[in-house]
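Working notes for the structure below.
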Amino acid sequence: MNDEPEPLDALTHLMDDAAPMRRRAYAATATLMLVNIFVFFAIESRAFGDPLMVKRGFALIPQVLFGEAELRIPHVAPALTLVTSMFLHSSYVHLFGNIAFLFIFGSAVEAAMDSVFFLLFYLSCGVASGLAYAYAEPTSVTPYVGASGAISGVCAAYLLLFAREALADWRAFMTSFHVQAWLLVGSWILLQFFDLLFVEQTHVAFVAHVGGIAAGLAWAPLFKRPAPRARRETPPTP
């Protein structure tokens, strides 16, 4: 008899390990939320000068990243913008939309990974999404900002780890029904691919979302905390 699990069985086992976890972890999630909020309001307060110039100096600009152009305003090293751009947002709607997604999905994924590994996972997905945008638009001089790519990776990890969990519970007309994570999050992920392929002339960098999703799906199993092994009972000695 072959004891090796089939690929589908292995994926199901991965999801089943995570599904019973109801606890949440907030250390890294809350820190990321607070840092994003603080950076946004600090920049908008004009404490560091013109907000547009500050954002441009810390945003990811593909031509600058690849050395094809240079900024003549204060800025960080181009490679660092892969990280700094994650903590910039263009508007209140942009900021709080990302914060809402991070709050809903981040704490559960953090609990499945532990806080330090979740933080590394989040940053890695953000860098991957920035690289996806830069390589897709190498001649662009449009600044890319936002945590959407990193949070797309978190949503993808949630889909992989908690696909069978009830994400929403609606009651109406004397009935109640559950909507599982795979339906809501999966639909959102499919929408990102649809928008990438068919939507033109938009300020939303859907290719960055897709890059974050791909990184999240690929790396979530690597960052996930191993399931605790069953403790073997030692038989009593005579």
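Just so you know, all these numbers are worked out from the coordinates, no wet-lab data involved. It should be emphasised that the depicted structure is a prediction, and the values quoted were computed from it without experimental measurement. Cβ placement follows ideal geometry from the backbone for every residue including glycine, while neighbour counts extend to all protein chains displayed.
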| said: Report the Cα centroid-to-centroid distance between the stretch 61-83 and the stretch 32-59 in angstrom, as an integer. | reply: 17 Å
| said: Could you list W188, W219 so that the one with the fewest beta carbons within 10 Å of its beta carbon is first and the one with the most is last? | reply: W188, W219
| task | May I ask you to derive the FRET efficiency for D50 and A100 from their Cβ-Cβ distance with R0 = 35 Å, giving the value to the nearest 0.05? | result | 0.80
| query | To the nearest 0.05, how large is the calculated FRET efficiency for I73 and R164 if R₀ is 35 Å and r is the Cβ-Cβ distance? | reply | 0.10
| field | V93-F66 FRET efficiency (beta carbon distance; Förster radius 25 Å; 0.05 resolution) | value | 0.25
| Given H placed on each backbone N at 1.01 Å, which residues far from Y144 in sequence or on other chains put an amide H within less than 5 Å of it? | L60, I61
